[in-house]
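Trainee: Quick one: this structure, given as structure tokens, is what I'll be asking you about.
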Amino acid sequence: MLLAIDVGNTNTVFAIVDGSSIVCRWRCESRSRRTAEQYQAWLSVLLAAELPDSVITAATISSVVPGTVFNLEGMCRRFLGITPLVVGSEGCKLPVAVRVDRNTHVGSDRLVNTVAANDRYGGNLIVVDFGTATTFDVVDEDGGYAGGVIAPGVELSMEALHRAAAALPAIDVARPKSVVGRNTRDCMRSGIYWGYVSMIEGICRRIEAERGMPMRRIGTGGLAALLADPASSLYEVDADLTVHGLICIHNHNKKNFHD
């Protein structure tokens with residue numbers, strides 16, 4: 001079985017994959033100081049409870065928190081007896097081209113999403129990922145990564161609004177009953193919710209206008225389903241996109257999985 005690890009700025013997802021099927025998925029807070037022993041202790045309890053007979057034979061890691069990679073690699077080598085494939089490392093090959101300016105670093109999560117989206121939906125796509133940042137990634141017709149847009153994430157914007165304006169309360173993300181709020185919380189919810197829906201629509205339209213063609217739009221990340229209502233420009237939501245991309249990259253690099 002494959003252990004697919006996706007380290008985001010806020011949360012880390014561990015998925016156990018059998019072939020192309022996700023068997024189990026667990027989530028923990030992303031911490032750069034978590035040791036290999038701590039990862040192993042946490043993971044071993046979950047495996048014993050849910051997959052006691054499982055044998056992990058490979059691992060693929062994507063991380064946007066560089067401090068986590070060393071200890072995750074250590075956990076894989078010392079406790080699982082495998083050498084993980086790390087997206088973005090010299091030994092990891094991608095099945096798609098990356099077309100950005102020279103010496104530009106692209107977050108591994110964005111490359112993984114590109115690989116997954118191209119595999120599942122073909123090219124000519126806009127992938128919108130709702131994480132700590134809201135990212136828009138453009139996938140060329142041949143599946144190559146063509147660049148994108150980075151905006152503040154929904155929860156980050158809510159936190160900033162609450163901290164910067166002392167009179168405004170902390171709120172959750174929810175679709176308001178009407179655009180015009182009649183109390184402070186509903187006014188804030190409307191600004192956050194419809195503001196992000198409008199941002200998604202506007203940026204997607206501008207990307208399409210710049211490229212001179214309509215494009216298929218895929219949403220992923222925790223808040224994608226909430227914001228992909230009939231008024232938004234997200235036509236499809238794919239919650240498993242990043243894990244699927246790790247599976248694709250693992251399959252593409254199978255020749256490198258030798259200890």
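The values are calculated or read from the model by the stated rules, or taken from the named source; none is laboratory data. All values reported here derive from a predicted model rather than from experimental measurement. Cβ atoms come from the backbone with ideal geometry, glycine included; neighbour counts cover every protein chain shown. The accessibility values were calculated without ligands, DNA or RNA, using every heavy atom of the protein model including side chains. Shrake-Rupley method; radii C 1.70, N 1.55, O 1.52, S 1.80 Å.
Trainee: Keeping the other protein chains in place, figure out the carbon and sulfur percent of the accessible area of the chain, with a 1.4 Å probe.
Mentor: Its accessible area is 50 percent carbon and sulfur atoms.
Trainee: Moving on to the next point. Using alpha carbon centroids, what distance separates the range 193-254 and the range 144-165, in Å?
Mentor: 15 Å
Trainee: Taking amide hydrogens as modeled 1.01 Å from N in the peptide plane, which residues meet the under 5 Å criterion relative to L85, leaving out close sequence neighbours?
Mentor: Those qualifying (amide H under 5 Å, at least 5 residues apart or on another chain) are A59, T60, I61.
Trainee: For a quick check, take a GNM of the chain with Cα springs below 10 Å and name the residue from A209, A224, A165 with the largest mean-square fluctuation.
Mentor: In this elastic network of the chain, the residue with the biggest mean-square fluctuation among A209, A224, A165 is A165.
Trainee: Right, here's the next one. Can you compute 3J(HN,Hα) from phi for each residue in the range 128-136, using the Karplus curve 6.51 cos²θ - 1.76 cosθ + 1.60 with θ = phi - 60°, rounded to whole Hz and x for Gly and Pro?
Mentor: Values per residue, Gly and Pro as x: 10, 10, 9, x, 4, 10, 9, 10, 10 Hz.
Trainee: Would you work out the relative contact order for the range 138-234, in percent, from Cα pairs under 8 angstrom that are 6 or more residues apart?
Mentor: That works out to 19 percent.
Trainee: What percent of all Cα-Cα pairs in the chain falls in each 5 Å bin, counting up from 0?
Mentor: All Cα pairs considered, the percentages come to 1, 6, 13, 16, 17, 15, 12, 10, 6, 3, 1, 0, 0.
Trainee: Mean Kyte-Doolittle of at least -1.0 plus a Cα span of 30 Å or more along the axis: flag which DSSP H helices in the chain meet both, please.
Mentor: 184-211
Trainee: Taking Cα pairs under 8 Å and at least six residues apart, what relative contact order does the chain come out at, in percent?
Mentor: 18 percent
Trainee: Each residue of the range 66-80 in order: what ³J(HN,Hα) in whole Hz does its phi give by Karplus 6.51 cos²θ - 1.76 cosθ + 1.60, θ = phi - 60°, with x for Gly and Pro?
Mentor: 3J(HN,Hα) across the range 66-80, in whole Hz: x, x, 8, 5, 4, 6, 5, 4, x, 4, 5, 6, 7, 10, 9.
Trainee: I would also like to ask the following. Could you order peptides 41-49, 81-89 by the average number of other Cβ atoms within 10 Å of their residues, highest first?
Mentor: Packing order, densest peptide first, comes out as 81-89, 41-49.
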